[in-house]
1. Go through the stretch 226-251 residue by residue and tally those that are crowded, with 16+ Cβ neighbours inside 10 Å and either more than 21 Å from the chain's Cα centre (by Cα) or at pLDDT 95 or above (or both).
2. For the stretch 1-42, which positions are of a type in the set (A, V, I, L, M) and in contact with a Ser or Thr (Cβ under 8 Å, 6 or more places away or on another chain)?
Amino acid sequence: MNESGQVTLRIEAGVASVLFDRPQTRNAMTWAMYEQLMAICRQLREDRSVRVVTFRGAGGEAFVAGTDIAQFQNFRSGPQGGEDGVAYEQKIDACMELLGNLPMPTVAVVEGWCVGGGLAIATGCDFRLATPASKFGAPIARTLGNCLSMANLARLSAAFGTQRLRRILLLAEMISADEALACGYLQEVCAPTEIDAALQRLTGKLAALAPVTQRVSREGLRRLTVHSLPADADLIRAAYGSADFREGIAAFVEKRPPAWKGQ
């Protein structure tokens, strides 16, 4: 078993299938997995034979359960940790930009948990299918005490609505598949035995339509979402440079509730 995980690509009949393969941690993303995802997106951006890209987690329990929190133990304390946080969020933004810049439609297949970085990846896709037990959120106010970049906030707000996003971030609520469907975040909720057929129907429909229209429409919507974003480095430094962030990491590793102090 590959402990650091891997992101793999398979292309068949014009459909590219990307798999997040680290089921022992619910597909929590390592730095190496983010690098692999970025390389795959660069490859797909140049492959005009691909008409649709699907993204899926291995194991059936999760799409992606966020970034592997243990990796944050290497972040420095104090102001230096704030700079580490800025660099990390910039890397995540670069990854999401590559995903958003793909010229073909994208579909996320969610079976189970879709959390943190996984929520960002799924939200970066054009369509999302999910099983009834799937849950969506970024419970960092409960678990880690960090924050999201402005670009990620913009994408999530456009997809969920601002007030629902407040519940996700400020109350650390997980959104059910039924609520995600009702607010338009999901294309369809399918039983686990039926999701493959639903995916095949959706990819078949997307592959049969005009690729230039899809490409320019997708890019236009992306530009509207991230147009004129305000600066965010000061906010990211404040979160990642805080004592609370260090406490969140320690509590996660030690498997105990964090003791927040607001510092």
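The values are calculated or read from the model by the stated rules, or taken from the named source; none is laboratory data. On a predicted model such as this, the values are computed, not experimentally measured, just so you know. Quick reminder, even Gly has a Cβ in these numbers, built from the backbone with ideal geometry, and neighbours come from all protein chains shown.
1. 15
2. Residues satisfying the conditions are 9, 11, 15, 16, 18, 19, 28, 29, 32, 33.
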